[in-house]
Amino acid sequence: MLSALNHWTSTLDDKKPLDVVYFDFAKAFDKVSHELLLLKLAKIGIHEQIISWLKCFLTERTFQVCINDTLSSIRRISSGVPQGGVLSPILFNIYIYTCELPDIIAEEGVGCIAYADDLKIYNPIVIPSDNMCLQKAIDAVATWASEWKLPLSKQKTKVLHIGRNNPKLKYNLCSESVSETSEIVDLGYIIDENLSFDKYCKEITAKATRQIYCLFKALRTKNVAIMIKAYKTYVRPIMEYGTTIFNPHKKSLINMIEKVQNNFTRKLMIRTPLYKRRRRNDLLMMYKILHSLCGLKSSDFYVMRSLITRGGTIKPHITTAKTAIRQNFFTHRAVSDYLKFSKNKRVPVKLSLYKRAIGEYLDN
């Protein structure tokens, strides 16, 4: 998600609108062809004994349905990977994203981001040919899905037009028009056409407030320590999951999220404000990017200065943002804090020492 938003905000910063097409595979995990999956495993060089074991693991499975204490006849499962299995997500990713599909999309010159059965492709829309490239990529995905027996849901496949002055062009999937949407849920986040997370912040605030109500209703204890632990376990994660993605810059949203904790803790002698914890999450994510600990390339986010300064050998540099949306995105927001943090202090290399150092920095 962070990688996708990095590309999108950078595109908007260049005054270019873009279109994003979200594909939905109908019953994706249940439709994986055993025969084609085993062929692909052999193609990528998996040892034949492992393939033989996987064949036994996938085939000869059966199921029954129970309705009102009555069992159906036993039926054989002819496709799909076992849902809930440890290997199932890995096998599914191999089936979809190994070899063909990413390369097919890349050939059309459009961007592609995938996670499990969530696939989205995108392209800046500046000239008419940009629209055609995206349409060709849609056609290529549809052809691939048909060949590999993974039907696409035409009703759930959506296009999101992002940015001002977006021409909002039409796209087709298998001769049917792709539905347009002004917002979509992407990996749990609400993404809208302005890349603002206002609605998402309101949603998690409401959810956290309901959770607090449930806690006070369920826990009759007056033990402050127990209530704080319950809050940290069941409420705060709702508001802090993935803050590097949505960390709000609007004062109204910051206050709205902060109000949840304030309401819970107004009679307790606690708490680090949530906005400081979000800054801490930004600095931790930046550390992971700079030290290649999270799968994201630092070169996609920052240009590294070669000089050695008092703050350490790693000195990220970014160009000045031309739009508010880019200025307030993680890339610029975090580097500003990071440079202030490293200005008068050498940045620790060890993660545990780095966490302690940023804790002291934020406390001061």
Q) Picking from Tyr231, Tyr213, which residue would you name as being in a helix (DSSP H, G or I), of a type in the set (Ser, Thr, Tyr) and touching a residue at least 24 places away in the same chain (Cβ under 8 Å)? A) Tyr231
**Q.** Residue list for segment 340-364, restricted to those being in contact with a strand residue (DSSP E or B) (Cβ under 8 Å, 6 or more places away or on another chain) and either without any contact (Cβ under 8 Å) to a residue 24 or more places away in the chain or part of a loop (DSSP other than H, G, I, E, B) (or both)
**A.** Arg346, Val347, Val349
Q: Determine the pairs where a residue that is in contact (Cβ under 8 Å) with a residue 24 or more places away in the chain and of a type outside the set (A, V, I, L, M, F, W, C), located within segment 52-80, has a partner that is in a strand (DSSP E or B) and surrounded by 10 or more Cβ atoms within 10 Å (Cβ to Cβ) with Cβ atoms under 7 Å apart, the partner being 6 or more residues away or on another chain.
A: Ser79/Ser33
Q) Can you pull out the helices (runs of 4 or more DSSP H) entirely within segment 15-119 that have at least 2 residues that are closer than 30 Å to Val178 by Cβ? A) 34-43, 88-97, 100-107
(Q) Just checking, does segment 53-61 include any residue being of a type in the set (D, E, K, R), over 24 Å from Lys136 (Cα atoms) and surrounded by 17 or more Cβ atoms within 10 Å (Cβ to Cβ)? (A) no
**Q.** Options Ile308, Ile325: the member that is at pLDDT below 80 and either closer than 18 Å to Phe341 by Cα or surrounded by 13 or more Cβ atoms within 10 Å (Cβ to Cβ) (or both)
**A.** Ile308
(Q) Test of understanding: among Gln83, Gln49, which residue is out of contact with any Lys or Arg (no Cβ under 9 Å at 6 or more places or on another chain), more than 30 Å from Asn247 (Cβ to Cβ) and in contact (Cβ under 8 Å) with a residue 12 or more places away in the chain? (A) Gln83
Q) Only one residue in Lys232, Lys207 is closer than 21 Å to Asn247 by Cβ and surrounded by fewer than 13 Cβ atoms within 10 Å (Cβ to Cβ). Which one? A) Lys232
Q) Can you tell me which residues in segment 240-258 are in a loop (DSSP other than H, G, I, E, B) and crowded, with 20+ Cβ neighbours inside 10 Å? A) Asn247, Pro248
Q) Has segment 180-189 got any residue that is in contact (Cβ under 8 Å) with a residue 24 or more places away in the chain, buried (at least 19 other Cβ atoms within 10 Å of the Cβ) and at positive phi? A) no
Q.
Would you confirm whether or not segment 115-122 contains a residue that is among the β-branched types (Val, Ile, Thr) and loosely packed, with under 12 Cβ neighbours inside 10 Å?
A. no
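The values are calculated or read from the model by the stated rules, or taken from the named source; none is laboratory data. All values derive from a computational prediction rather than experimental measurement. A quick note on method: Cβ atoms are made from the backbone with ideal geometry, for glycine too, and the neighbour counts reach across all protein chains shown.
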